[in-house]
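Input: a single structure, listed below in structure tokens.
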Amino acid sequence: MSNATSNTETVHRVSFLDKDSLSIPILKILQADGTTFENAVLPVIDQDLAAKIYDTCVFTRVLDERMLAAQRQGRISFYMTCTGEEAAVVGSVAALDQDDVILAQYREHAAIRYRGFTTEQFMNQMFSNEKDLGKGRQMPIHYGCEALNYQTISSPLATQIPQATGVGYSLKMQGKRNVAICYFGEGAASEGDFHAGLNMAAVLNSPVIFFCRNNGYAISTPTNEQFAGNGIASRGVGYGMHTIRVDGNDMLAVMAATQQARAYALEHNKPVLIEAMTYRLGAHSSSDDPSGYRSKDEEAKWQQHDPVKRFKLWLINKGWLAESDDAALYEKYREEVLAAVKVAEKLPAPKIDEIIEDVLDEPTPRLKQQLTELKQHIKKYPDSYPRSAGRD
């Protein structure tokens, strides 16, 4: 008998199931006032780890504030913020090992910061200058860093999901005690790659954590127009994997869930799905105006659930943070980011010759000819290519 029916109860009258047949609780540990719920089981966390988490959150808030302003000033072409979703991102990455592999979507820059990505590296990527690790081939906020086990962001939605299944399977085959974690929004869960990726992971027993940031909107499309089922968590159960739903604005709940998800994935070589219920406080991107699809009252309501403020209150209650230190931290990063912007925007673009490197061991004659034609075109119209003209 197949696994699909081995534990099935037999009935003799027609009886349908619906979305309410599966009750999915939501894990909450930290309350809005910075106190924990009675009998809540906290994650493994000490003062040093808590400080690193909060430092990452503050940096990310400042980076988002400054770089969105830089985009409005025309200094960079595009930006996306993490505002409101910091607990989902930082709480999960803090529960991982440094050698676990991250496959992100595009709103997880707090995760690469937590791993050690410097302010200068952020700026070099966004300004696509000669020091950019991606050699200027990606639009802003599409980070990647091999040294930090953070795979480069890809714009097409959900492509990272089946790739994560492969990464997890590779780690298992190599005998490594590490997992892959794959971030995506609930909108990406409407893509076919989501279903293919989760099914492969469950069938092939790939140690990967699928982390869904359910922030309520796929750009401008609310969840009730995306799906009629019980969120994304119910799909994990449908694919036969361990699943949990957490308060995505609760740093401690996210950490606890991810710590245990990682332990399970390693012990059993199986995938886990985490659905973090959160809210995007900012626009989808610098190209978006959320006033066209949600109200100010809705935004104000969610401001009361600000994950960074909630975690800050917990730190203060623990005696691990003072208001004066908090203000100094924000000011420090505002100055640091502004200084890094001024340096990065003045650096030259990558050399034109690099555009055909890193794919083939030896560029083909056709690619070389195309490069020659590109250089001739830029030389003919230098005013149209001010960053590349005169650059070998």
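Can you list the aspartates and glutamates whose alpha carbon is less than 13 Å from that of LYS342, not counting same-chain residues fewer than 8 positions off?
GLU120
Take the chain, connect every pair of alpha-carbon atoms lying under 10 Å apart with a spring to form a Gaussian network, then pick out the residue of PHE210, PHE311, PHE227 with the largest mean-square fluctuation.
Taking springs between Cα atoms under 10 Å, the residue moving most is PHE227.
Between ARG294 and SER190, 0.36 nm times their residue separation minus their Cα-Cα distance comes to what?
Here the answer is 35.3 nm.
Please report the net charge: other residues with Cβ closer than 15 Å to the Cβ of LEU266, K and R +1, D and E -1.
It works out to a net charge of +1.
How far, in nm, would the chain grow between GLN98 and SER384 when pulled straight, counting 0.36 nm per residue and subtracting the alpha carbon separation?
Contour length minus Cα-Cα distance gives 98.6 nm.
Of the listed pairs LYS135/LYS346; LYS135/LYS351; LYS131/LYS346; LYS346/LYS379, which have alpha-carbon separations greater than 20 Å here?
Where the Cα-Cα span goes over 20 Å, the pairs concerned are LYS346/LYS379.
Where nothing but the Cβ of Lys and Arg (+1) and of Asp and Glu (-1) is charged, how large is the charge dipole of the chain around its Cα centre, in debye to the nearest 20?
Result for the chain is approximately 580 debye, rounded to the nearest 20.
Scan [x] 79, 57, 45; [y] 66, 43, 40; [z] 87, 53, 38 for the value of Cα extents along the principal axes in Å calculated from this model and give just the label.
So the calculated entry is the one marked [x].
Just ALA265, ALA40, ALA164 to compare: in a GNM of the chain, with alpha carbon springs under 10 Å, which one fluctuates most?
Comparing ALA265, ALA40, ALA164 in a Gaussian network model of the chain, the most mobile one is ALA40.
Label-point separation (nm) for LEU347 and ASN205, each offset 7 Å from Cα along Cα-to-Cβ?
So the label points at LEU347 and ASN205 sit 4.6 nm apart.
If you take the beta carbon distance between ASP358 and SER324 as r and set R0 to 51 Å, what does 1/(1 + (r/R0)^6) give as a FRET efficiency, to the nearest 0.05?
That gives a FRET efficiency of 0.60.
Can you give the extra length, in nm with one decimal, that the chain gains between THR118 and ALA69 once fully stretched, where that is 0.36 nm per residue apart less the Cα-Cα distance?
Using 0.36 nm per residue and subtracting the Cα-Cα distance, I get 15.7 nm.
Cα to Cα, under 19 Å, and not fewer than 8 places away if on the same chain: which aspartates and glutamates meet these conditions relative to LYS368?
ASP353, GLU354, GLU357, ASP358, ASP392
Taking a cut-off of 30 Å between Cα atoms, list the lysines near LYS28, but don't count ones fewer than 8 places away on the same chain.
Answer for LYS28, where 30 Å is the Cα cut-off: LYS19, LYS52, LYS270, LYS296, LYS301, LYS309, LYS312, LYS318, listed by chain and number.
Compute the distance from the alpha-carbon center of segment 35-89 to that of segment 291-339, in whole Å.
Each part reduced to its Cα centre gives a spacing of 8 Å.
Taking R0 as 41 Å, what FRET efficiency do you get between ALA32 and HIS12 from their Cβ-Cβ distance, rounded to the nearest 0.05?
So, using R0 = 41 Å, E works out to roughly 0.25.
None of the figures in this text is laboratory data; all of them are computed from the coordinates on show. Predicted model, so just to flag it, every value in this text is computed and none were measured. Don't worry about glycine lacking a Cβ; one is built from the backbone with ideal geometry, like all the others, and counts go over all protein chains shown.
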